[in-house]
Amino acid sequence: MCGITGYIGYREAYPIIIKGLQRLEYRGYDSAGILLYNDDVFISKTKGKVSDLEDLMNTDSSKQGNIGFGHTRWATHGIPNNINSHPHTSNSGNLVIIHNGIIENYDALKKELIKRNYTFKSDTDTEVLVNLIEEVKKTNDCKLGKAVQIALNEVIGAYAICVFDKTKPNELVVARLGSPIAIGIGKENKEFFVASDASPFIEYTKNAIYLEDEEMAIITANKEVEIRKIKDDSIITPEIQQLKMNLEQIEKGGYDHFMLKEIYEQPHAITDTYRGRLIANQGIIRMAGVDDNMEKFLNADRIIIVACGTSWHAGLVAEYLFEDIARIPVEVEYASEFRYRNPIITEKDVVITISQSGETADTLAAIKLAKSKGAFVFGICNVVGSSIAREAHAGAYTHAGPEIGVASTKAFTTQITLLSLIALKLGKAKGSLSNAAYRNYLQEMELIPKKVERLLKEDENVKYISSIYKDVPNCLYLGRGYNFPVALEGALKLKEISYIHAEGYPAAEMKHGPIALIDENMPVFVIAINKGHYEKVVSNIQEIKSRKGKIIAIVTEGDIQVKKIADHVIEIPETEEAFTPLLTTIPLQLLSYHIAVMLNKNVDQPRNLAKSVTVE
Ligand code: M6R
């Protein structure tokens, strides 16, 4: 999983590419590199971030040319160093490539190429691919486009590539399988942009083509883009889409970090998720993807939810929602386990996949598996036009707007919002929910954004608590029922951005092992709202207290009991139990954020991580 971007046209390519790389850096930041062409090939690349590449380029005056591309890497094959950084060049020096994905059969291909006297400088699969293209071009005496098409038919794996041929320097060839590529189309075909998502070119054009899997494009300045099927080289008429994203959405807008901006965007994002879908005063929830497939949902033997990471946590919340409200049995699966387990899937199953990026490789593979077994697949994604959105039979977008911070925040709450709407819609249709309860839920949902806003105003208290616990090596997070997944999510948020070890548990499970960890140095974050099993959670808190653990409790406004025993409390507004995850998660996001900032960590780009995981 890496970010790629390119330009061909009449402007200086360097500033466009470097800015594009900054916007794509969420996809990986192990190394960065650039190719520019101005009578000759110029390549610069370095281990580290895009800013390191920029520093390197600042000392170089040759950064000119109207064609070029750039890459920001999340290392798969080969450690992050200068040599393994992209772009990679073929043995002749004529072909240059950038690549997002993995060539799985690279070793076999490499051995074949070595037999034909090819040599390799890096440990990457990408260098193998560029030399394979060169070999095909030479053997078939063909143009770059044809060589790419033939070579890719020999490749097993996933890729989004952009290739340049020094002998034809007014052309870029791009191709995709499993990793995204968008092509931005400038006025009168005078310029084109290439990128992993549309963010690098949003200020230049709103017209874009999203390549489908197994498609490639030959992009030449002042000509129509030519799209071909990789399999048989047949020509396809592209669909040009109008982008809705704007520049403001992808910039920090005065916040220190994208993560903080995205936490604060949640009242709006939640509203945007239900806008046009929820008409509370008429008792209506409108969702085309569900309405059109209502029979499938209502006749389903069970719902299987498949996702990874934070999206998997949203799936766990949905298990409570669907079983509680719609009385449909639910299983929640890690996509990576599900796809390899030979799972039992039937035509009577509905599979719901959840993914912010819509590009997560394991989730995508799970969809393909479920489809092959005849299940109906419903995709919940944030990124419009993403691979998962296209692969599912039907689905719904969360409309959270771009999420750039690697740690998911608004993606989580908007996924839960959407899943709540679906559960309520199904509960109503199945009659498992009384009319009064249904109406009440709908009205309450409309109040959630204001309640999140109120909660965000309590940030100073969360910041103070963060300052007390920022140096601890370990933390426990406990919750029950609807808030057990929130405990898992709270722990994930803390570990991924502050590198403090944290574990989430169902509160009652504590006594089956984790209680051994509790002493006066162990902070325990407990979600102890006045719904569900409040009294039982209070007992769990007592158990921690009697072992001298530090208790930071998230309670409902007006709580008396927990306040007396906890070391610190954070209050959330009253709401329906089913909607409490939308509130309890907010202070835990803020807490992780503040601790990471206080520890001077890279909040938006935590080490070893990337925003969309397009490798298995
Ligand atoms: O794009 P997805 O929702 O499919 O991503 C799944 C996980 O990689 C993701 O939720 C990850 O766990 C978060 N960035 C953690 O904050």
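Is there a residue in the stretch 384-407 that is open to solvent by less than 30 Å² (accessible area, probe 1.4 Å), near the ligand (Cβ under 9 Å from one of its atoms) and at pLDDT 95 or above?
Taking every residue of the stretch 384-407 in turn, at least one turns out to be open to solvent by less than 30 Å² (accessible area, probe 1.4 Å), near the ligand (Cβ under 9 Å from one of its atoms) and at pLDDT 95 or above.
Have a look at I285, I304 and point out the one that is among the aliphatic types (A, V, I, L, M), within 30 Å of L456 (Cβ to Cβ) and in contact (Cβ under 8 Å) with a residue 60 or more places away in the chain.
Step by step, each of I285, I304 is checked, and only I285 is among the aliphatic types (A, V, I, L, M), within 30 Å of L456 (Cβ to Cβ) and in contact (Cβ under 8 Å) with a residue 60 or more places away in the chain.
Looking at V317, is it out of contact with any strand residue (DSSP E or B) (no Cβ under 7 Å at 6 or more places or on another chain), within 16 Å of the ligand (Cβ to nearest atom) and under 16 Å from L426 (Cβ atoms)?
Yes.
Look through the stretch 599-614, keep the residues that are over 18 Å from L260 (Cβ atoms) and within 8 Å of the ligand (Cβ to nearest atom), and return whichever of them is most open to solvent (accessible area, probe 1.4 Å). I'd like the intermediate steps shown before the answer.
The initial filter retains those residues of the stretch 599-614 that are over 18 Å from L260 (Cβ atoms), namely 607-608, 610, 612-614.
From the residues that got through so far, the ones that are within 8 Å of the ligand (Cβ to nearest atom) too are 612-613.
Working: S612: 2, V613: 61 Å².
My answer is V613.
So how many residues does the stretch 488-500 have that are touching a helix residue (DSSP H, G or I) at 6+ places or on another chain (Cβ under 6 Å) and surrounded by fewer than 24 Cβ atoms within 10 Å (Cβ to Cβ)?
2
Of all strands (runs of 3 or more DSSP E) completely enclosed by the stretch 152-232, which ones contain at least 1 residues that are of a type in the set (G, A, S)? Show your work before the answer.
Values: elements: 157-165, 171-177, 182-185, 192-195, 207-210, 215-220, 226-229.
By residue number, 157-165, 171-177, 182-185, 192-195, 207-210, 215-220.
Among the residues of the stretch 62-100, write down those that are open to solvent by 10 Å² or more (accessible area, probe 1.4 Å) and small (G, A, S).
Across the stretch 62-100, the qualifying residues are S62, A75, G78, S92, G93.
Which of the residues belonging to the stretch 353-375 are more than 14 Å from the ligand (Cβ to nearest atom) and surrounded by 24 or more Cβ atoms within 10 Å (Cβ to Cβ)?
Step one: list which residues in the stretch 353-375 are more than 14 Å from the ligand (Cβ to nearest atom), which gives 368-375.
The answer is A370, and nothing else.
Checking the structure you have, find out if any residue of the stretch 506-521 is in contact (Cβ under 8 Å) with a residue 60 or more places away in the chain and open to solvent by less than 10 Å² (accessible area, probe 1.4 Å).
Quick first cut of the stretch 506-521, residues in contact (Cβ under 8 Å) with a residue 60 or more places away in the chain only: none.
So far as the stretch 506-521 goes, no, none of its residues is in contact (Cβ under 8 Å) with a residue 60 or more places away in the chain and open to solvent by less than 10 Å² (accessible area, probe 1.4 Å).
Could you tell me whether any residue of the stretch 280-299 is among the small types (G, A, S) and in contact with a helix residue (DSSP H, G or I) (Cβ under 8 Å, 6 or more places away or on another chain)?
Among the residues of the stretch 280-299, at least one is among the small types (G, A, S) and in contact with a helix residue (DSSP H, G or I) (Cβ under 8 Å, 6 or more places away or on another chain), which makes the answer yes.
Would you check if there is a residue in the stretch 65-86 being free of Cβ contacts under 8 Å to residues at least 24 places away in the same chain and more than 17 Å from K166 (Cβ to Cβ)?
no
Look through S434, S357, S372 and report the one residue that is of a type in the set (S, T, N, Q) and touching a residue at least 40 places away in the same chain (Cβ under 8 Å). Walk me through how you get there before you give the answer.
Values: S434 fails: touching a residue at least 40 places away in the same chain (Cβ under 8 Å); S372 fails: touching a residue at least 40 places away in the same chain (Cβ under 8 Å).
Matching residue, one of S434, S357, S372: S357.
Considering each of A198, A208 in turn, give the residue that is at pLDDT 95 or above and small (G, A, S).
On the way: A198 fails: at pLDDT 95 or above.
So the residue among A198, A208 that is at pLDDT 95 or above and small (G, A, S) is A208.
Give the residue that is most open to solvent (accessible area, probe 1.4 Å), with candidates limited to residues of the stretch 320-342 that are modelled with pLDDT under 95 and more than 12 Å from the ligand (Cβ to nearest atom).
Among those that are modelled with pLDDT under 95 and more than 12 Å from the ligand (Cβ to nearest atom), it is Y340.
Whether any residue in the stretch 343-352 is open to solvent by 10 Å² or more (accessible area, probe 1.4 Å) and within 15 Å of the ligand (Cβ to nearest atom) is what I want to check.
no
Test E520 against the stated conditions and say whether it is assigned to a loop (DSSP other than H, G, I, E, B), at pLDDT 95 or above and either among the aromatic types (F, W, Y) or more than 30 Å from the chain's Cα centre (by Cα) (or both). Working first, answer last.
Values: assigned to a loop (DSSP other than H, G, I, E, B): yes; at pLDDT 95 or above: no; either among the aromatic types (F, W, Y) or more than 30 Å from the chain's Cα centre (by Cα) (or both): yes.
In short, no.
Right, A32: farther than 30 Å from E188 by Cα and in contact with a Leu (Cβ under 9 Å, 6 or more places away or on another chain) or not?
Answer is yes for this residue.
Name every residue in the stretch 252-279 that is hydroxyl-bearing (S, T, Y) and crowded, with 23+ Cβ neighbours inside 10 Å, in order of residue number.
Passing the criteria: T273, Y274.
What number of residues within the stretch 181-192 are within 26 Å of the chain's Cα centre (by Cα) and open to solvent by 10 Å² or more (accessible area, probe 1.4 Å)?
1
Quick check on this structure: which one of P485, P473 is surrounded by 24 or more Cβ atoms within 10 Å (Cβ to Cβ) and under 23 Å from V406 (Cα atoms)?
Working: P473 fails: surrounded by 24 or more Cβ atoms within 10 Å (Cβ to Cβ).
So the residue among P485, P473 that is surrounded by 24 or more Cβ atoms within 10 Å (Cβ to Cβ) and under 23 Å from V406 (Cα atoms) is P485.
Is it the case that E262 is in a helix (DSSP H, G or I), modelled with pLDDT of 95 or more, of a type outside the set (S, T, Y) and within 16 Å of the ligand (Cβ to nearest atom)?
Considered against the rule, which asks whether it is in a helix (DSSP H, G or I), modelled with pLDDT of 95 or more, of a type outside the set (S, T, Y) and within 16 Å of the ligand (Cβ to nearest atom), E262 comes out as yes.
Suppose we filter the stretch 560-597 for residues that are farther than 15 Å from K495 by Cα and open to solvent by 20 Å² or more (accessible area, probe 1.4 Å); how many remain?
12
Just for the stretch 539-554: of the residues that are outside any loop (DSSP other than H, G, I, E, B) and open to solvent by less than 10 Å² (accessible area, probe 1.4 Å), which one is nearest to I572 (Cα to Cα)? Working first, answer last.
Step one: of the stretch 539-554, the residues outside any loop (DSSP other than H, G, I, E, B) are 539-545, 550-554.
Cutting the leftovers down to open to solvent by less than 10 Å² (accessible area, probe 1.4 Å) gives us 540-541, 544, 551-554.
Values: N540: 20, I541: 18, I544: 22, I551: 16, I552: 13, A553: 11, I554: 7 Å.
For the stretch 539-554, the residue satisfying everything is I554.
The values are calculated or read from the model by the stated rules, or taken from the named source; none is laboratory data. What you see is a predicted model; the values in this text were computed from it and never measured. With ideal geometry, Cβ positions are generated from the backbone for all residues, glycine too; neighbour counts draw on all protein chains shown. The area values use the complete protein model at the heavy-atom level, side chains included, leaving out ligands, DNA and RNA. Shrake-Rupley method; radii C 1.70, N 1.55, O 1.52, S 1.80 Å.
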